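Inspection log for the structure reproduced underneath, given as structure tokens.
The values are calculated or read from the model by the stated rules, or taken from the named source; none is laboratory data. The model shown is predicted, which means the values in this text are computed figures rather than measured ones. Please note: Cβ atoms are built from the backbone with ideal geometry, for glycine as well, and neighbour counts cover all protein chains shown. To get the accessible areas, we keep the full protein, side chains included, count just its heavy atoms, and leave off ligands, DNA and RNA. Shrake-Rupley method; radii C 1.70, N 1.55, O 1.52, S 1.80 Å.
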Number of protein chains: 2
Amino acid sequence: MASASPRRRELLSALFDTFEVIVSNVDEEALFVTPAEEGAQRVAKAKALEVARIAPEALVIAADTAVVVDSAVLQKPADAKDARRMLRMLSGRTHKVVTAVAVAFQGRCHTAVEMTEVDFARMTDEQIRRYVATGEPMDKAGAYGIQGRASIFITGIRGCYFNVVGLPLHRLGVLLEEQGLDIWKGQPGERS
Amino acid sequence: MASASPRRRELLSALFDTFEVIVSNVDEEALFVTPAEEGAQRVAKAKALEVARIAPEALVIAADTAVVVDSAVLQKPADAKDARRMLRMLSGRTHKVVTAVAVAFQGRCHTAVEMTEVDFARMTDEQIRRYVATGEPMDKAGAYGIQGRASIFITGIRGCYFNVVGLPLHRLGVLLEEQGLDIWKGQPGERS
């Protein structure tokens, strides 16, 4: 897996018993373009291809997540002040989370993109301040972790939850199946 | 917390740094009635009140989850065969997950109920057999764990994800706030 994210690693363990993490050095900001669906696919593909060059025999999986609110794309916050700004933008409204996933295998690379809508409760400035002070937002697109302490502020979602965490598991499973790979814990087994 | 579920314990740690688990002995099946919204609230309230009698000074939180497909209510499977039957019912369609939460504190008990729709991909008999063989379905309402190996079969949800796992965190936070309790990690703090 071409990702430094511990959350993606945890999710991927739903599909594979064992895998190796190789972090790519692609310049995500330079590669990203709008619309976010296109930018995320471009970044995910670049990550997968770079790691495929390092490990040409491997099945390589990469992903990229962006948070979209109105026409603004929120990536990882630069600092605590930036995180508070992002959370004020998300408070009391609905935003979109776009995750692209790329699979590189045997010289081919396929990508897919999944979108989930996320409804945030209204957060007070005090709640935002206390949440940012936990440090949780700093390495996350949109400055929050739905699976972490931000969970109590999420009133609901529409779409794939795992997509919001960072890896659309069902979509990835379909992508792997389309390439003739068995998605059940990487065990060899008859195709269904 | 009046629950034996390790998943609820993990979710509750998003709200509180420390808490104690006391498992109630209420007869869930005898108490449950339909519709599921009413049955789940009745069970959650009975659990909370029983534990409140044991620990009268405590803030007691209890919950009960039911899976509803058409007019059938799926609780925990009796055995592997029953789990396979439930999963065949859920395969390739949408069902509802109802979780009721009850908060007992200072002689009062308040309940709330949350509903989430869950879309399942079509599972083959082989996939169902292999999933049930993991043992994961056995202690779970509807015979699946959305946060576990069933995650790859979930194409999407509408509503609160944590409700499907077993504890509607935002709804619980609102219930606690309504009773004058600060929901941010149980720290004393100004009400907002």
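Net charge of the neighbourhood of residue B:24, taken over other residues with C-beta under 15 Å away and scored Lys/Arg +1, Asp/Glu -1, is 0.
Across the stretch B:6-182, Cα pairs under 8 Å and at least six residues apart give a relative contact order of 23 percent.
Placing a label point 7 Å from Cα along the Cα-to-Cβ direction at residue B:174 gives distances to the equivalent points in the other copies of 3.2 nm, listed shortest first. For the segment A:126-132, counting C-beta atoms of other chains within 10 Å of every residue's C-beta and taking the mean gives 2. The C-alpha radius of gyration of the stretch A:6-182, expressed as a fraction of 2.2 N^0.38 Å, stands at 1.04.
For the options A:42, A:158, A:171, a Gaussian network treatment of chain A with springs between C-alpha atoms closer than 10 Å singles out A:158 as fluctuating the most. The angle between the Cα long axis of helix B:169-178 and the longest principal axis of the Cα atoms of chain B comes to about 20 degrees, rounded to the nearest 10.
Sorted on the mean count of surrounding Cβ atoms within 10 Å across their residues, most packed first, peptides A:105-115, B:132-142 read B:132-142, A:105-115. A Cβ-based charge dipole, computed about the Cα centre of the stretch B:46-88 with Lys and Arg at +1 and Asp and Glu at -1, lands at about 280 debye. Over the stretch A:72-122, the reciprocal of the mean inverse Cα-Cα separation, the Kirkwood hydrodynamic radius, stands at 13.2 Å. Using only the Cα atoms of the protein assembly as shown, build the gyration tensor, take square roots of its eigenvalues as a ≥ b ≥ c, and label the shape rounded, prolate or oblate: rounded if a/c is under 1.5, else prolate if a/b is larger than b/c, else oblate. It comes out oblate by the Cα gyration axes.
Only aspartates and glutamates eight or more places from residue A:76 in sequence, or on another chain, were considered; those with a Cα closer than 16 Å are A:27, A:28, A:29, A:64, A:136, A:139. Here the stretch A:6-182 is treated with +1 on each Lys and Arg Cβ and -1 on each Asp and Glu Cβ, and its dipole about the Cα centre works out to around 620 debye. Sorted largest first by accessible area at a 1.4 angstrom probe radius, with every protein chain in place, the residues B:116, B:124 fall in the order B:124, B:116. How much of the pair distance distribution for the stretch B:15-78 lies past 14 Å, counting alpha-carbon pairs only, in percent? Tail of the P(r) past 14 Å holds 60 percent of the pairs.
What does the C-alpha gyration tensor say about the overall shape of the stretch B:134-177? Classify as rounded when a/c is under 1.5, otherwise prolate if a/b is larger than b/c, or oblate. Note, shape of the stretch B:134-177 comes out oblate.
Cα centroids of the stretch B:1-32 and the stretch B:118-135: 27 Å apart. Checked against a 22 Å cut-off, the cross-linked pairs B:96/B:140; A:140/B:96; B:47/B:81 give Cα-Cα distances beyond that limit for A:140/B:96; B:47/B:81. Might you work out the accessible area of residue A:3 for me, using a 1.4 Å probe with all protein chains in place, and round it to the nearest 10 Å²? Its accessible surface works out to 10 Å², give or take rounding. Take residue A:70, push a point 7 Å out from Cα through the beta-carbon direction, and compare it with the same point in every other copy: 4.9 nm, smallest first.
What is the angle, in °, between the Cα long axis of helix B:80-90 and the longest principal axis of the Cα atoms in chain B? Nearest 10 is fine, range 0 to 90. Long axis of B:80-90 versus the principal axis of chain B: about 90 degrees. Distances between equivalent label points of residue B:57 across the copies, with each point positioned 7 Å along Cα→Cβ, amount to 6.4 nm, shortest listed first. Neighbouring Cβ atoms from other chains, within 10 Å of the Cβ of residues in B:145-152, number 5 on average.
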